[in-house]
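Asks: Below is the structure I would like to discuss, written out as structure tokens.
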Amino acid sequence: MRVLVPRLLAASLLVACGAHAATPSPPPTPKHVVAETLAGQPVNDPYRWLENPDAADVKKWIDAQNAYTESTIGAMPLGKTLSARIRELAITSTTRSSPTLAGGTLFYFENTPPQPQPVLVAKAWPDGPTRTLVDLNQGDGNTAITEYWPSPSGRYLAYGTAEGGSELTTIHILDTATAKPFGDVLPLAGGGTTPQALAWDADEKGVTYARFEAPKAGQALREFDAVLAHHTLGEPATKDRTVFGKGYSHVAEYILLEGSAGKSVALLANEGDGGPAEVYLREGKGNFARVLGHDADVRSAAWVGNRLFVVSFAGAPRGKIVAVAAGGKTSPVLDQGEGAIQRVTPLGDGFLVVRSAGPDWWADQYDAKAGFVRRVPLPATGVAIGGIASESGQNKALIAYAGWTTPTHWAEYDGASGSLKTIFEVKPAADYSKVRVTRVDGVSKDGSKVPVTVISMDGITPNGKRPTILYSYGGFGIPVTPGFVGANLAWLERGGVLAYANIRGGNEFGEAWHEQGQKLHKQNVFDDFYAAAQAMVSSNWTDTKHLGILGGSNGGLLMGAALTQHPEQYRAVVGAVGIYDVPRHETAFANGPYNVSEYGTVKDDAQAKATLAWSPLHNVKKGTAYPAVLLTTGANDPRVAPWQSRKFAASLQDATTSGQPVLLLTRMNAGHGIGAPFSQRVGNAALSMTFFATELGLGE
């Protein structure tokens, strides 16, 4: 599964004043060099021993690093003040997310802060009473709902759960009328390396779902070779039979899409992350038959009536829509147009297309013959479109959207009249009307223009030294989108500035924008980010003494490359659950092989040499004045090994001459951030904001 952190980290991991007091030395880290050769180049790894979390000396080292970090952060000014303000801002009115319509019933998540986890609810659409189906908040809040799948009629519901940030999913099934669960429990149903997937049978007597093979007694689970299995309701999971995927791919990932009330099922099958999918169709209880190969460059699909619409980027870098019939015959539906296609969804006898161009998002409506009807009257800029709940044949759709100054809104769109009516909105805990949004452009090394969105309070103008935090991601086709400022108001109201860069590796401008940040082109991502940082300085918002940078997961890799390639450009860096030893990520951790389609493989000499040139751990140089660094990780992370942060922290602590702190915090009952409870999310935000505030001089 692609390495990522939820939008919440991008929006609220940001998060006391003046230069900090002299930082004590970090705990010492012994070196035990392991010497290897990669692509003809010598590679020495003095911290390989830190990869074993069960070793007593590693446990002791983690405890010492945590104590060092907590002590250093605890001595920073404004910590308590910022923590209190962040919690206050995070306690909004009830929020809603992930809407889905099935059989006239609307399903969605609902959360009332400081409730640890969202609850799963249902209501007859549009005006029925709300019924709670699943509530996991009775315990410690560390059990999360990973995904849910209503049956075609809405009568039944399958949902997944995972513990302590591990993401390893167990599927449960219940009756939506009574909220009573059946005895069906489907373990090992994806999560971590490969995503969950499930489709209901048309008669609603069974489901097809993704799962790992159960390990033999005494052996550990191998999170590879996922298959699709069929489960009949009421039967034990041990009787489930494999229906697809045996021998398909060591790094298989699946997306299942029900059509015609479950009579047809589409399968998008991927070999790892970051690449195009093969498309398969199944009619009734037949077998899956391949209808499109990798050459169609399909990235997403949706059923529109009885036709499967796939979004293809073959010969169309911004995407085109093609209909696929059961025999594999294709017919064009919609040519490439303005903006990159992000998703397609049915509406009435036609469909909606969500598009983007950099940080700008919109939705266009088309009729049954793909004739343009109108643009949905959403705000023209500053918002991103989230989930859309709709059903073929129904003229009304629920559109979820949010933006920098707009908390989550749900609007009912009437495709017949073109009207848009707000039916739900989150009430924030403060006034955001004085938040201002502007843009600057960076110019990358190869001349590519990189949009940067700048957020500040009214009256905060460029003065060349504003404490500024620059965020981006740059990988796996994941766009950086407008998201509600939320708890980051605590930074802005003290005079700080936030900036978000649309660098390559994402798909904001289409698949070509993504591909230019993959594999042998990965350096473009780092060049784009450096250009964004330079733009913040050249536009006089800040300078190198007041510029901090933030990223998580693949964005953590971005942070590592940024600080090792241009240590003089930044004053402070926060990297969350990041990849820093890229060759070892592929060869010594389960999720690494899944990411080969994005990063390339070090088994290829050309790719190995290119990777070593930017892999953060391999480019730490002894005697360099590195900026202040805070690294965070979770002990149960299934997407990025916690030892990545351990080795990088040890290397930076040994190398830096700046006197600035290099800190590492390991959360022991946490993972990659997916499904983290409210208290953990708020704690992460307060930790990072306190660190940035101190290092960047917020309030000076």
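The values are calculated or read from the model by the stated rules, or taken from the named source; none is laboratory data. Note that this is a predicted model, so its numbers are computed, not measured. So basically every Cβ, Gly included, is an ideal-geometry build from the backbone, and we count neighbours across all protein chains shown.
Asks: Report, by residue number, each residue of the stretch 647-691 that is farther than 26 Å from residue 112 by Cα and either assigned to a strand (DSSP E or B) or among the acidic types (Asp, Glu) (or both).
Replies: Hits for the stretch 647-691 are 654, 656, 662, 663, 664, 665, 666.
Asks: Okay, next question. Could you count how many residues in the stretch 613-638 are more than 21 Å from residue 191 (Cα to Cα) and either of a type in the set (Asp, Glu) or in a strand (DSSP E or B) (or both)?
Replies: So the answer is 6.
Asks: A further question follows. Look at the stretch 183-205 and say how many of its residues are closer than 16 Å to residue 233 by Cα and part of a loop (DSSP other than H, G, I, E, B).
Replies: 7
Asks: So, of the residues in the stretch 596-631 that are of a type in the set (D, E, K, R) and more than 25 Å from the chain's Cα centre (by Cα), which turns out to be farthest from residue 521 (Cα to Cα)?
Replies: 622
Asks: Give me the pairs, please: first residue somewhere in the stretch 626-641 and farther than 16 Å from residue 70 by Cβ, second residue anywhere and part of a loop (DSSP other than H, G, I, E, B) and among the charged types (D, E, K, R), beta-carbon distance under 6 Å, and either six or more positions apart or on two chains.
Replies: Hits for this filter: 627/571; 638/167.
Asks: Go through (1) of a type outside the set (Lys, Arg); (2) at pLDDT 95 or above; (3) surrounded by fewer than 19 Cβ atoms within 10 Å (Cβ to Cβ); (4) not assigned by TED's automatic domain parsing to the domain that holds residue 493 and name the single condition residue 67 misses.
Replies: (4)
Asks: May I pose another question? With under 21 Å from residue 376 (Cα atoms) and in contact with an Asp or Glu (Cβ under 9 Å, 6 or more places away or on another chain) as the only criterion, which of 405, 422 stands out?
Replies: 422
Asks: Step by step: first the residues of the stretch 44-97, then only those that are touching a Leu at 6+ places or on another chain (Cβ under 9 Å) and not in a helix (DSSP H, G or I), then the one that is nearest to residue 618 (Cα to Cα). Which residue is that?
Replies: That would be 45.
Asks: When you scan the stretch 489-505, how many residues do you find that are closer than 13 Å to residue 454 by Cα and in a helix (DSSP H, G or I)?
Replies: So the count comes out to 1.
Asks: Given the criterion more than 27 Å from the chain's Cα centre (by Cα) and β-branched (Val, Ile, Thr), identify the matching residue among 373, 353, 344.
Replies: 373
Asks: Does residue 537 fit the bill of being surrounded by 24 or more Cβ atoms within 10 Å (Cβ to Cβ) and hydrophobic (A, V, I, L, M, F, W, C)?
Replies: No.
Asks: Shifting gears a bit: From the list 337, 286, exactly one residue is over 20 Å from residue 255 (Cβ atoms) and out of contact with any helix residue (DSSP H, G or I) (no Cβ under 9 Å at 6 or more places or on another chain). Which is it?
Replies: 337
Asks: Here is a further query. Given the condition surrounded by 21 or more Cβ atoms within 10 Å (Cβ to Cβ) and of a type in the set (D, E, K, R), answer yes or no: does some residue in the stretch 460-467 qualify?
Replies: Yes: the stretch 460-467 contains one or more residues that are surrounded by 21 or more Cβ atoms within 10 Å (Cβ to Cβ) and of a type in the set (D, E, K, R).
Asks: Right, residue 293: within 30 Å of the chain's Cα centre (by Cα), surrounded by fewer than 16 Cβ atoms within 10 Å (Cβ to Cβ) and either of a type outside the set (D, E, K, R) or over 22 Å from residue 148 (Cβ atoms) (or both) or not?
Replies: Yes; evaluated as a whole, the condition is true for this residue.
Asks: Can you tell me which residue among 308, 378 is surrounded by 18 or more Cβ atoms within 10 Å (Cβ to Cβ), touching a strand residue (DSSP E or B) at 6+ places or on another chain (Cβ under 7 Å) and outside any strand (DSSP E or B)?
Replies: It is 378.
Asks: Quick one: how many residues across the stretch 108-130 are farther than 23 Å from residue 91 by Cα, not in a loop (DSSP other than H, G, I, E, B) and not aliphatic (A, V, I, L, M)?
Replies: Within the stretch 108-130, residues that are farther than 23 Å from residue 91 by Cα, not in a loop (DSSP other than H, G, I, E, B) and not aliphatic (A, V, I, L, M) number 1.
Asks: Condition (residue is buried (at least 17 other Cβ atoms within 10 Å of the Cβ), in a loop (DSSP other than H, G, I, E, B), in contact with a strand residue (DSSP E or B) (Cβ under 7 Å, 6 or more places away or on another chain) and of a type in the set (Gly, Ala, Ser)) applied to the stretch 416-436: is it met by at least one residue?
Replies: No, the stretch 416-436 contains no residue that is buried (at least 17 other Cβ atoms within 10 Å of the Cβ), in a loop (DSSP other than H, G, I, E, B), in contact with a strand residue (DSSP E or B) (Cβ under 7 Å, 6 or more places away or on another chain) and of a type in the set (Gly, Ala, Ser).
Asks: Quick test of your reading of the structure: residue 301 fulfils all but one of (1) buried (at least 21 other Cβ atoms within 10 Å of the Cβ); (2) under 24 Å from residue 600 (Cβ atoms); (3) within 21 Å of the chain's Cα centre (by Cα). Name the failing condition by number.
Replies: The failed condition is (2).
Asks: Let me ask something additional. Name every residue in the stretch 541-559 that is surrounded by fewer than 24 Cβ atoms within 10 Å (Cβ to Cβ) and either among the acidic types (Asp, Glu) or out of contact with any Lys or Arg (no Cβ under 6 Å at 6 or more places or on another chain) (or both), in order of residue number.
Replies: 543, 544
Condition check ((1) in contact with a strand residue (DSSP E or B) (Cβ under 8 Å, 6 or more places away or on another chain); (2) part of a loop (DSSP other than H, G, I, E, B); (3) outside the structural domain of residue 467 (by TED's automatic domain parsing)) across all residues:
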| position | (1), (2), (3) |
| --- | --- |
| 517 | yes, yes, no |
| 531 | yes, no, no |
| 545 | no, yes, no |
| 548 | yes, no, no |
| 551 | yes, no, no |
| 556 | yes, no, no |
| 561 | no, no, no |
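Asks: Does residue 105 fit the bill of being over 30 Å from residue 602 (Cα atoms) and among the β-branched types (Val, Ile, Thr)?
Replies: Against the criterion (over 30 Å from residue 602 (Cα atoms) and among the β-branched types (Val, Ile, Thr)), residue 105 qualifies.
Asks: Let me ask something else about it. Can you name the residue in the stretch 45-68 that is out of contact with any helix residue (DSSP H, G or I) (no Cβ under 9 Å at 6 or more places or on another chain) and not aliphatic (A, V, I, L, M) and, of all such residues, is farthest from residue 632 (Cα to Cα)?
Replies: Filtering first and then ranking leaves 54.
Asks: Out of the stretch 76-101, which residues are among the small types (Gly, Ala, Ser) and at pLDDT below 95?
Replies: 79
Asks: Moving on. With the requirement that a residue be in a loop (DSSP other than H, G, I, E, B) and surrounded by fewer than 23 Cβ atoms within 10 Å (Cβ to Cβ), what does the stretch 590-612 give you?
Replies: 590, 600, 601, 603, 604
Asks: Let me ask another. If a residue has to be outside any loop (DSSP other than H, G, I, E, B) and closer than 26 Å to residue 477 by Cβ to count, how many in the stretch 381-408 make the cut?
Replies: Looking only at that region, the number is 16.
Asks: If we keep just the residues of the stretch 150-182 that are of a type in the set (D, E, K, R) and not in a loop (DSSP other than H, G, I, E, B), which is farthest from residue 390 (Cα to Cα)?
Replies: Result: 163.
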